[in-house]
Amino acid sequence: MGVINFIIENILTQASVTIALIAMLGLILQKKSTGQVISGSLKTMLGFMVLSAGSSIIVGSLTYFGQIFTEGFQMQGIIPSIEAINGQAMNELGLGRDIALTFLAIFVFNILIARFTRWKYIFLTGQAILWMATMTTVFGYFAGLRGLALILVGGFIGGVFAVAMPAIAQPFVRKITGMDEIALGHFCTIGYVFEAGVAKLVGEKGEKKKSVEDLKLPPQLEFLQDTYLSVMVVMVPLYIITAAFAGEEFASTLSGDTNYIMFAFLQSIQFVVGVYVLLSGVRLLLAEIVPAFRGIAMRLVPNAKPALDCPVLFPYSPNAVIVGFITTTIGCVLAMFVLPVFGLAMILPGMLTAFFAGGTAGIFGNLTGGRRGAIIGGIVHGFFITLLPALLVTAFNSMGFVNATATDVDTVSAALLYAWLIGPLLKAF
Amino acid sequence: MRKREGGSMMFGFGRKKKVKEQKRETTDSVVLTIERKEELLRTLSQKKEEVNQVSGEEQAKIYEEIGLVLNELGEEDHAIDSLEKSIEAKKSVGDGFKTLLKLYNKKRAEAAKVNDEESLQKYLKKMDQLMQVSKDVTRGVR
């Protein structure tokens, strides 16, 4: 009895152990050898520890950024980074175990919904499921849910999103790809459908509708070639300009013996390093779990459509990706200046979201509204995907998150569901 | 729940969806005429001779053409092999990429139906790799 209590209170409470056990379950269900089960489980545990290390690096940089931004601009500057949110939730806030179990629950509910309803989609983008698990767990916890209820509600909501989002996108995906065998598994779908709607309203119609694919656009910009380079391109000028506005006197109190501008530069690189380490941890963590559970899912629902990551659509409309990226960035920058006028935080632009979500949204905008639809739809989309995360900033601040907000709008919508519906309902009863 | 244009509901609760799905399944198998088959075989032997005489981008293009012909002839495994060689020689997201994605998905679905875990994982991994190719090409990574 004492041994069991020891295991429950000291070992199973450790998030890294829970995650390793989930991986172990998946590997055993796949009938892997003992060696593979042990090494896979240990690698998963290692992935969680690496993720935690990355999170600590990010938090250090964001804390510094928050201080110089507030000093320089007299308001809170928020960096949109689902990675930073996930890292802090799993590590600093101690929700790692609940997030891991919710991650598993989302897979299970996805399988159940696909198996027993006509919505036959299996969501294969593991990283997106992890972000959804993070948001449902964080906001479920904020709403007052704990333990099994937290995991099951989060798993159910995540599972519904994992099926509903591909289903909502499918009429568009069918037209974009010319086939029905593949679906879209990216938790920014509400934004895509929103842009499609705006583009249909304001875009070109009938014979006047011209596609952006008929245009000859300049070749891709070099800085987009690497994820970390893309983040650096925004972070370095952002930190340096902010430090300049904060002033030498204040900024030097934070930089010690190092020149305050140099320190700002190093801190911006530190943010990128933190993201690099965290994402390496995420990849290691998911490397065993995702193949195991998506294999099980596909075998249990063999006639389900695989919902793949957003690059699946890029080949069908490559110019629209570039137009979408540029116009979404414009929309994000507009929102950055407009939202504080209405009392919301200043959300700084996120390059990765602008490229992947903005690019994909551009494909939807071009489909329903041609060139004008893609351009106007893109700008409105950029505004929309900045507004929704801005609504969560107060909640994130009160929970102890440092100067960050989430990005992917479907995960933000799930969080708003908790904040505006589930939380108040629970308080009422 | 509001009805969309065209009469079918967004979440597929409309009556028309089942009929549409049945129609889509039957149009996948296209019957080749004898003339078309002969034309394809001629193209195939010609391209197979050319492919070993060139390298780099040109070779990638010819492997892609061979792969597309093999796919139309119904030789899926050989088509996959050729299209993979094309993308290895030069990453691209043209017809070859799209055909390869379709073929991988078909193989994945077949493996799932017969509970073949090894093949299922193999083709899921290949689809992951295609996603990376798509990302790389769109971002201009050589």
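The values are calculated or read from the model by the stated rules, or taken from the named source; none is laboratory data. Given the structure is predicted, the values throughout are model-derived calculations rather than measurements. For neighbour counting, all protein chains shown are included, and Cβ atoms are generated from backbone atoms with ideal geometry for every residue, glycine included. Surface areas here come from the heavy atoms of the whole protein model, side chains and all, with no ligands, DNA or RNA. Shrake-Rupley method; radii C 1.70, N 1.55, O 1.52, S 1.80 Å.
Can you tell me which residues in region A:405-425 are over 15 Å from residue A:137 (Cβ atoms), part of a helix (DSSP H, G or I) and either among the β-branched types (Val, Ile, Thr) or open to solvent by 40 Å² or more (accessible area, probe 1.4 Å) (or both)?
A:409, A:420, A:421, A:424, A:425
What residue, among those in region A:311-332 that are within 9 Å of another protein chain (Cβ to nearest Cβ) and not aromatic (Phe, Trp, Tyr), is surrounded by the fewest Cβ atoms within 10 Å (Cβ to Cβ)?
If we take residues in region A:311-332 being within 9 Å of another protein chain (Cβ to nearest Cβ) and not aromatic (Phe, Trp, Tyr), then A:318 is surrounded by the fewest Cβ atoms within 10 Å (Cβ to Cβ).
Does residue A:216 count as basic (Lys, Arg) and closer than 15 Å to residue A:369 by Cα?
no
Going residue by residue through region B:83-101, is there one that turns out to be part of a loop (DSSP other than H, G, I, E, B), of a type outside the set (Gly, Ala, Ser), without any contact (Cβ under 8 Å) to a residue 60 or more places away in the chain and facing another protein chain (nearest Cβ under 10 Å)?
yes
Return a yes/no flag: does region A:298-308 have any residue that is more than 11 Å from chain B (Cβ to nearest Cβ), buried (at least 23 other Cβ atoms within 10 Å of the Cβ), within 20 Å of the chain's Cα centre (by Cα) and not in a helix (DSSP H, G or I).
yes
Looking at (1) over 15 Å from residue A:348 (Cβ atoms); (2) in contact with a Phe, Trp or Tyr (Cβ under 9 Å, 6 or more places away or on another chain); (3) assigned to a helix (DSSP H, G or I), find the lone condition where residue A:44 falls short.
In the conditions (1) over 15 Å from residue A:348 (Cβ atoms); (2) in contact with a Phe, Trp or Tyr (Cβ under 9 Å, 6 or more places away or on another chain); (3) assigned to a helix (DSSP H, G or I), residue A:44 misses (2) alone.
Looking at A:335, A:287, which is the one that is surrounded by 18 or more Cβ atoms within 10 Å (Cβ to Cβ) and in a helix (DSSP H, G or I)?
Answer to the check: A:335.
Regarding residue A:68, is this residue without any contact (Cβ under 8 Å) to a residue 12 or more places away in the chain, open to solvent by less than 80 Å² (accessible area, probe 1.4 Å), of a type in the set (A, V, I, L, M, F, W, C) and outside any loop (DSSP other than H, G, I, E, B)?
No; evaluated as a whole, the condition is false for this residue.
Exactly one of these conditions fails for residue A:80: (1) within 14 Å of chain B (Cβ to nearest Cβ); (2) touching a strand residue (DSSP E or B) at 6+ places or on another chain (Cβ under 6 Å). Give me its number.
If we test residue A:80 against (1) within 14 Å of chain B (Cβ to nearest Cβ); (2) touching a strand residue (DSSP E or B) at 6+ places or on another chain (Cβ under 6 Å), just (1) comes out false.
Cβ-Cβ below 7 Å, separation at least six or inter-chain, first residue in region A:163-182 and more than 8 Å from chain B (Cβ to nearest Cβ) and more than 15 Å from residue A:360 (Cα to Cα), second in a helix (DSSP H, G or I) and open to solvent by less than 10 Å² (accessible area, probe 1.4 Å): which pairs?
Hits for this filter: A:163/A:110; A:163/A:114.
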